[in-house]
Amino acid sequence: MKFTLEKKDAQSQARAGQIQTDHGTIQTPIFMPVGTAGTVKAVHQRELKEDIQAQIILGNTYHLYLRPGLDILEKAGGLHRFNGWDRPILTDSGGYQVFSLAGTRKIKEEGVTFKSHIDGSKHVFSPEGVMDIQRTIGADIIMAFDECTPYPCEYGYARNSMEMTHRWLDRCINRFDATEGKYGYSQTLFPIVQGSVYKDLRKQSAEFIASRNREGNAIGGLSVGEPAEMMYEMTEEVTAILPQDKPRYLMGVGTPANILECIALGVDMFDCVMPTRNARNGMLFTSEGIINIRNEKWKDDFSSIDPAIGNYASTFYSKAYLRHLTISKEILAAQIASIHNLAFYLWLVGQAREHILAGDFAVWKDQMVKKVSTRL
């Protein structure tokens with residue numbers, strides 16, 4: 001993997017760059033649609049490429065390990081061949097799922113024992129095992145195994161958890177460097193900064209992660225319930241330390257406004273389930289603000305969903321028609337809304353990139369944050 005920094009914004013920390021992988025080039029800043037179980041929910045791969053213009057998508061280690069299982073993925077030739085996606089894929093390590101399974105898991109130095117949410121069977125994730133699993137899944141970018149601390153979280157717990165995450169990282173690096181990819185293309189490992197909402201821990205963790213000199217770095221443990229201002233504060237603390245010449249990935253963030261503010265703080269990569277999850281509940285993100293398509297006011301609005309975005313779903317269908325489908329619980333409603341929301345997110349980061357390159361990002365960002373946060 002190679003990262004090229006193309007331009008830095010003069011009025012903020014925003015950056016435009018390119019990440020080159022064996023499955024293609026990613027222009028940053030970028031948003032990555034989440035395809036937890038090998039699919040971005042309600043969206044075909046053709047739509048992901050042509051309508052949404054996704055450049056990289058996510059898979060999830062925990063879910064793919066449980067179903068369809070590693071034997072199927074290996075027989076298929078990896079996740080790219082299994083789901084037909086020929087652009088880059090990033091897999092998260094399952095650390096966040098372990099965090100969300102609080103009632104059915106035990107965390108020890110060796111790793112995590114947990115029960116499957118599918119059938120209750122017992123499994124163990126260790127740093128070494130998670131490297132092997134992600135090698136088999138075959139993602140271009142794989143994540144180190146970490147513990148994602150909850151919010152709020154006591155200082156002592158956050159410190160101990162961070163220190164264990166660092167020890168786990170060294171085990172991940174040793175295993176990753178001692179093994180090869182299985183499918184003839186290169187893979188890269190991103191460490192994850194932790195430390196909850198404590199500045200000194202975030203600083204310590206960012207310095208530790210930077211010292212391991214991997215090809216990219218991630219910021220985890222945010223967007224777990226803390227106030228947005230706190231998230232921005234921690235992100236700023238970390239991006240000031242992480243190397244300039246490597247991509248920075250803020251995991252699980254977030255709203256359109258969150259993404260714009262964090263681009264301004266020097267983040268290059270984002271992912272979140274929000275555009276698809278909220279789409280299925282009738283919430284649309286648009287270039288003019290947020291729409292609840294269930295509201296009566298859209299009943300006879302025959303204008304297109306968002307002509308500014310330019311993709312098929314956003315321009316072909318009217319708000320009135322999408323409202324009708326949503327109220328009628330038609331499956332097509334979830335498909336149209338999901339494609340639109342994802343296309344909007346990709347449009348938004350694409351616009352951010354253009355304004356960074358043009359040199360007027362900071363002014364545009366302030367205007368856009370107000371717009372995308374407005375309820376229509």
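Quick one: compute the contact order of the chain, relative version, from alpha carbon pairs under 8 angstrom and 6+ residues apart, as a percent.
Numbers: 749 pairs, mean separation 70.7, N = 376.
For the chain, the relative contact order is 19 percent.
Are there DSSP H segments in the chain that both extend 27 Å or more along their axis (alpha-carbon positions) and score a mean Kyte-Doolittle hydropathy of at least -1.0? List them, or say none. Working shown, then result.
Values: long enough: 155-178 (35 Å, -0.96); 331-358 (40 Å, 0.95).
In the chain, the long hydrophobic H runs are 155-178, 331-358.
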Check your understanding: Taking the mean number of other Cβ atoms within 10 Å as a proxy for protection, how do you rank 63-69, 31-37, 292-298 from highest to lowest?
Key -> 31-37, 63-69, 292-298
Study note, to complete from the structure: Counting only protein heavy atoms and rolling a 1.4 Å probe, one gets per residue an accessible area for the range 1-130 in Å² of 45 Å²
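Ranking request for peptides 79-91, 330-342, 5-17: highest mean number of other beta-carbon atoms within 10 Å first, then the rest in descending order. Can you show the working numbers first?
Values: 79-91: 20.2, 330-342: 22.4, 5-17: 17.7.
Output ranking for 79-91, 330-342, 5-17: 330-342, 79-91, 5-17.
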Check your understanding: Using the beta-carbon distance between ALA37 and THR104 and R0 = 22 Å, what value does 1/(1 + (r/R0)^6) give for FRET efficiency, to the nearest 0.05?
Key -> 0.70
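Output the relative contact order of the range 1-93, whole-number percent, from Cα pairs under 8 angstrom with separation of 6+ residues. Could you put the intermediate results ahead of the total?
Details: 131 pairs, mean separation 22.5, N = 93.
For the range 1-93, the relative contact order is 24 percent.
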Practice item. Would you please give the FRET efficiency between LEU376 and THR113, computed as 1/(1 + (r/R0)^6) with r the Cβ-Cβ distance and R0 = 30 Å, to the nearest 0.05? Key: 0.05
Check your understanding: Tell me, in nm to one decimal, what length is gained between GLU288 and ASP132 on full extension, where the rule is 0.36 nm per residue of separation less the Cα-Cα distance?
Key -> 51.7 nm
Exercise for review: Between ALA218, ALA308, ALA264, find the one with the highest GNM mean-square fluctuation for the chain; connect C-alpha pairs within less than 10 Å.
Suggested key: ALA308
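Take every DSSP beta bridge whose two residues both sit in the chain, then give the antiparallel share in percent to the nearest 5.
Working: 23 of 44 bridges.
The answer is about 50 percent antiparallel.
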Point to revise | Too-long pairs where the Cα-Cα distance tops 30 Å, listed order kept, from LYS122/LYS199; LYS122/LYS182; LYS7/LYS319; LYS2/LYS203; LYS49/LYS329; LYS115/LYS203 | key: LYS122/LYS199; LYS7/LYS319; LYS115/LYS203
Practice item. Compare the peptides 118-125, 256-263, 274-281, 152-159 by average per-residue count of other Cβ atoms within 10 angstrom and give them in order, highest first. Key: 256-263, 274-281, 152-159, 118-125
Review point. Remind me, relative contact order of the range 155-204 in percent, using alpha carbon pairs under 8 angstrom and six or more residues apart?
Key: 46 percent
Point to revise | Stretch gain in nm, segment SER303-ALA320, where the contour uses 0.36 nm per residue and the Cα spacing is subtracted | key: 5.3 nm
Check your understanding: What distance in nm separates the simple spin-label points at TYR185 and ASP71, each placed 7 Å from Cα in the Cβ direction?
Key -> 2.7 nm
Revision key, fill the gap. With a Förster distance of 35 angstrom and the Cβ-Cβ distance between GLN53 and MET230, calculated FRET efficiency to the nearest 0.05 equals 0.60
Review point. What are the semi-axes of the equivalent ellipsoid of the chain, taken as the square roots of 5 times the eigenvalues of the Cα gyration tensor, listed largest first and rounded to whole Å?
Key: 32, 24, 20
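The values are calculated or read from the model by the stated rules, or taken from the named source; none is laboratory data. Owing to the predicted nature of the structure, the values given are computational and were not obtained by experimental measurement. For neighbour counting, all protein chains shown are included, and Cβ atoms are generated from backbone atoms with ideal geometry for every residue, glycine included. In case anyone asks, the SASA skips ligands and DNA or RNA and just uses the protein heavy atoms, side chains included. Shrake-Rupley method; radii C 1.70, N 1.55, O 1.52, S 1.80 Å.
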